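Asker: Dropping a structure here in structure tokens format, bear with me for questions.
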Amino acid sequence: METWLTWENLAVVLAVAYLLLAMRENIWCWLAAFLSTAIYTFVFWNVSLVMESALNVFYMGMAVYGWWQWTHGGQTDDGVAIHTWSARRHIGAIGLILALTLVSGSLLGATEAARPFVDSFTTMASVVTTFMVARKVLENWLYWVVIDVVSIWLYLDRGLQSTAALFALYVVLAVVGFVQWRRRMSSDA
């Protein structure tokens, strides 16, 4: 377990770098994301968080997609701008998260997975929210606050104290990120 804790700490440092760079809309955030999620894939597998491990494989792909979106997405092929979603779109996203959580949690309930419904919720919500980050949807930061609070409990339950501390920091930084992106969006309008 000691080796995994060392890897966990490295993943934490890279994850903090990702978030700080993302808050500043710095393209290098996606490299930090790729590296931290590659490490976390194995860390989570080692503590039987199957969905969290799978989520980090997804994150590696999203790091590539996010980099592409931020450099080539948008109507003018120069990257996407920060924008908001309608209430209807948020209702759809939340409904999708809940439906996927029920299906995934039910399937995982038949396995050795730890905390199948909580693990499924944080995973499914993170999938949707990561897409929102890649598309620069302002409200992604608010989704992360909810996901991160639930994740803190999950990681403490699994003995991942460094990761739980990271997610406590994420809660604070998500609020700061929301404020920064909202200001940037207002100044670009």
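The values are calculated or read from the model by the stated rules, or taken from the named source; none is laboratory data. On a predicted model such as this, the values are computed, not experimentally measured, just so you know. Neighbour counts are summed over all protein chains in view; Cβ atoms, including those assigned to glycine, are modelled from backbone coordinates with ideal geometry.
Asker: Hey, among Asn46, Asn56, which residue is closer than 18 Å to Ser151 by Cα, free of Cβ contacts under 8 Å to residues at least 60 places away in the same chain and crowded, with 23+ Cβ neighbours inside 10 Å?
Answerer: Going through Asn46, Asn56 in turn, just one is closer than 18 Å to Ser151 by Cα, free of Cβ contacts under 8 Å to residues at least 60 places away in the same chain and crowded, with 23+ Cβ neighbours inside 10 Å: Asn56.
Yes or no, residue by residue, for (1) out of contact with any His (no Cβ under 7 Å at 6 or more places or on another chain); (2) among the β-branched types (Val, Ile, Thr); (3) within 18 Å of Asn9 (Cβ to Cβ):
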| site | (1), (2), (3) |
| --- | --- |
| Asp148 | yes, no, no |
| Ile152 | yes, yes, yes |
| Leu160 | yes, no, yes |
| Thr163 | yes, yes, yes |
| Tyr170 | yes, no, yes |
| Phe178 | yes, no, no |
| Arg184 | yes, no, no |
| Ser187 | yes, no, no |
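Asker: Look at Thr71 and say whether it is closer than 22 Å to Tyr143 by Cα, among the β-branched types (Val, Ile, Thr) and out of contact with any strand residue (DSSP E or B) (no Cβ under 7 Å at 6 or more places or on another chain). Spell out the reasoning first.
Answerer: Details: closer than 22 Å to Tyr143 by Cα: no; among the β-branched types (Val, Ile, Thr): yes; out of contact with any strand residue (DSSP E or B) (no Cβ under 7 Å at 6 or more places or on another chain): yes.
Taking the combined requirement at face value, the residue does not satisfy it.
Asker: Working carefully through the options Ser126, Ser120, find the one that is modelled with pLDDT of 90 or more, more than 17 Å from Ala15 (Cβ to Cβ), touching a Leu at 6+ places or on another chain (Cβ under 8 Å) and surrounded by 20 or more Cβ atoms within 10 Å (Cβ to Cβ).
Answerer: Result of the check over Ser126, Ser120: Ser120.
Asker: With respect to Leu31, determine if the residue is surrounded by fewer than 20 Cβ atoms within 10 Å (Cβ to Cβ), assigned to a helix (DSSP H, G or I) and touching a residue at least 24 places away in the same chain (Cβ under 8 Å).
Answerer: yes
Asker: Kindly provide the set of residues from segment 97-137 that are assigned to a helix (DSSP H, G or I) and closer than 30 Å to Asp188 by Cβ, ordered by number.
Answerer: Ile97, Ala125, Ser126, Val127, Val128, Thr129, Thr130, Phe131, Met132, Val133, Ala134
Asker: Conditions: (1) closer than 23 Å to Gly61 by Cβ; (2) in contact with an Asp or Glu (Cβ under 7 Å, 6 or more places away or on another chain). Val171 meets all but one. Number of the miss?
Answerer: If we test Val171 against (1) closer than 23 Å to Gly61 by Cβ; (2) in contact with an Asp or Glu (Cβ under 7 Å, 6 or more places away or on another chain), just (1) comes out false.
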